[in-house]
Structures are given as structure tokens and as C-alpha cells.
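The values are calculated or read from the model by the stated rules, or taken from the named source; none is laboratory data. Quick caveat, the model's predicted, so the values are computed rather than measured. Virtual Cβ from ideal backbone geometry, glycine too; neighbours counted across all protein chains shown. Only protein heavy atoms, including side chains, enter the accessible area calculation; ligands, DNA and RNA are left aside. Shrake-Rupley method; radii C 1.70, N 1.55, O 1.52, S 1.80 Å.
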Amino acid sequence: MKEEIPWWICNEGDKNFCTYVDTDSNYFHAEPLLKHLYPNFSDLLEKMALKYQDLITEYYDTLASKAFNINKHRLEMKTECTIRSGFFSGKRRYAQYITKKEGIKVEDIDVKGLDFMKSNFPPLFKKFFNGILDKILFGATRNEIDQEILEFKNSLDTLPLELLGKLTGVKDIK
């Protein structure tokens, strides 16, 4: 089944560069857009995001009128952060390497909803998955990641059982 792209996202036949949408966020694959606009682009991502932020905010007048049948609205697009890379596994389940927040250079890893970040996740696996996530966000190749996963899997037989289990309490054992 082909997924329908609504008219307010892009015209039929146009390439949709939106890679992920959350309740209040939109993530676009910037490289093809930058290569089209600036064949020798370097650090133009923020300029492009700010330009599109303004274009989208202007378009909200049309959207409000045609889609919601209202003339006065408070819709506004605002660039919150710039990410260098991201890992998205589902709705509200992602990690991103943030390089700018509200115009200020930062180097933050933001993780939301991934199971290995939960407090009851075994510490050994949490540390391993955190390392794999860093490798994904910082550009390791798939072969490097696959190799590390296989090595970890093969090492599990040699580890004490208490390191492999879920952290939990046990009560009333007879």
C-alpha cells in the first residue's frame, strides 16, 4: 500500500525530504536540499533552517484559512535545534546528536523513549547499547557496529549470570 502524502506537505510528484515528524517537531534530510541550493555547501544548515522556518510560518496563513477555516491564528514555526545525526526507531523513540540549540553551539546527545535508558534495564546491556548508540550517531560503519554486536553476543557465555539479569527485587520466596 502506497502512503499518501497530504497536499500541505508537498505537491504530488515532488520529493518529500521530511524524514521524521513528532507532535511538535519536523526533521528534514538537509544534504540533498543543500547540495541543490549550494553545490559546495559547508555550514549552511542553520541558514537554510531559518529560511524555511520563515517560509513555513508565512504559509501558516494559507493553511489556517484552507485547512482550519480561520483567518486569525497563532501558528508559528521556530527552529529549536540543529542535529548532526539521529536514530529514530518509532514515535517518541529516538536519539539525536544536537550541535545547536536555539542558536547556541552545543554537543548534546538527546535520547527519548529507548528501552535501554530505563532504570530497570540491566547495567551491562545499558552500557553496551549506549556505546552502540554513540557509534551510530558519530558515524561508525554498519560493519563496525555489526562486529561489535557479534563480539558482545559471543562474550555473554563467559559473564556471570547476575550481570545479565534485569534489576528487580524478590520477595516472599519459600
Exercise for the section: Identify the single condition in (1) modelled with pLDDT under 90; (2) at positive phi that residue 119 does not satisfy, given that it satisfies every other one. Expected result: (2)
Practice task
Working only within segment 69-92, note down all residues that are among the aliphatic types (A, V, I, L, M) and part of a loop (DSSP other than H, G, I, E, B).
Solution key: 70, 75, 77
Problem - Selection from segment 1-20 of residues that are charged (D, E, K, R) and modelled with pLDDT of 70 or more - result: 12, 14, 15
Exercise for the section: May I ask you to say which residue of 88, 125 is touching a strand residue (DSSP E or B) at 6+ places or on another chain (Cβ under 9 Å) and aromatic (Phe, Trp, Tyr)? Expected result: 88
Exercise for the section: Check whether at least one residue in segment 152-166 is of a type outside the set (A, V, I, L, M, F, W, C) and touching an Asp or Glu at 6+ places or on another chain (Cβ under 6 Å), and report yes or no. Expected result: no
Exercise for the section: Select from segment 91-123 the residues that are under 22 Å from residue 81 (Cα atoms) and basic (Lys, Arg) and write down the one among them that is surrounded by the most Cβ atoms within 10 Å (Cβ to Cβ). Expected result: 100
Handout entry: Those residues of segment 129-150 which are open to solvent by 50 Å² or more (accessible area, probe 1.4 Å) and out of contact with any strand residue (DSSP E or B) (no Cβ under 9 Å at 6 or more places or on another chain), in sequence order
Key = 129, 135, 141, 142, 143, 144, 146, 147, 148, 149, 150
Exercise for the section: Go through segment 156-174 and count every residue that is under 19 Å from residue 118 (Cβ atoms) and surrounded by 10 or more Cβ atoms within 10 Å (Cβ to Cβ). Expected result: 4
Problem - Lone unmet requirement of (1) touching a strand residue (DSSP E or B) at 6+ places or on another chain (Cβ under 7 Å); (2) open to solvent by 80 Å² or more (accessible area, probe 1.4 Å); (3) at pLDDT 75 or above for residue 23 - result: (1)
Problem - Meets criteria (part of a helix (DSSP H, G or I), open to solvent by 40 Å² or more (accessible area, probe 1.4 Å) and touching a residue at least 24 places away in the same chain (Cβ under 8 Å)) for residue 49 - result: no
Exercise for the section: Please give the number of the condition residue 167 fails out of (1) in contact (Cβ under 8 Å) with a residue 40 or more places away in the chain; (2) within 27 Å of residue 83 (Cα to Cα). Expected result: (2)
Exercise for the section: Filter segment 26-41 down to the residues that are part of a strand (DSSP E or B) and open to solvent by 70 Å² or more (accessible area, probe 1.4 Å), then identify the one that is nearest to residue 78 (Cα to Cα). Expected result: 26
Handout entry: residue 43 being at pLDDT 90 or above, on the phi < 0 side of the Ramachandran plot and among the acidic types (Asp, Glu)
Key = no
Exercise for the section: Determine whether segment 64-83 contains at least one residue that is of a type outside the set (A, V, I, L, M, F, W, C) and under 27 Å from residue 131 (Cβ atoms). Expected result: yes
Exercise for the section: Considering each of 66, 153, 126 in turn, give the residue that is part of a helix (DSSP H, G or I), open to solvent by less than 100 Å² (accessible area, probe 1.4 Å) and not polar (S, T, N, Q). Expected result: 126
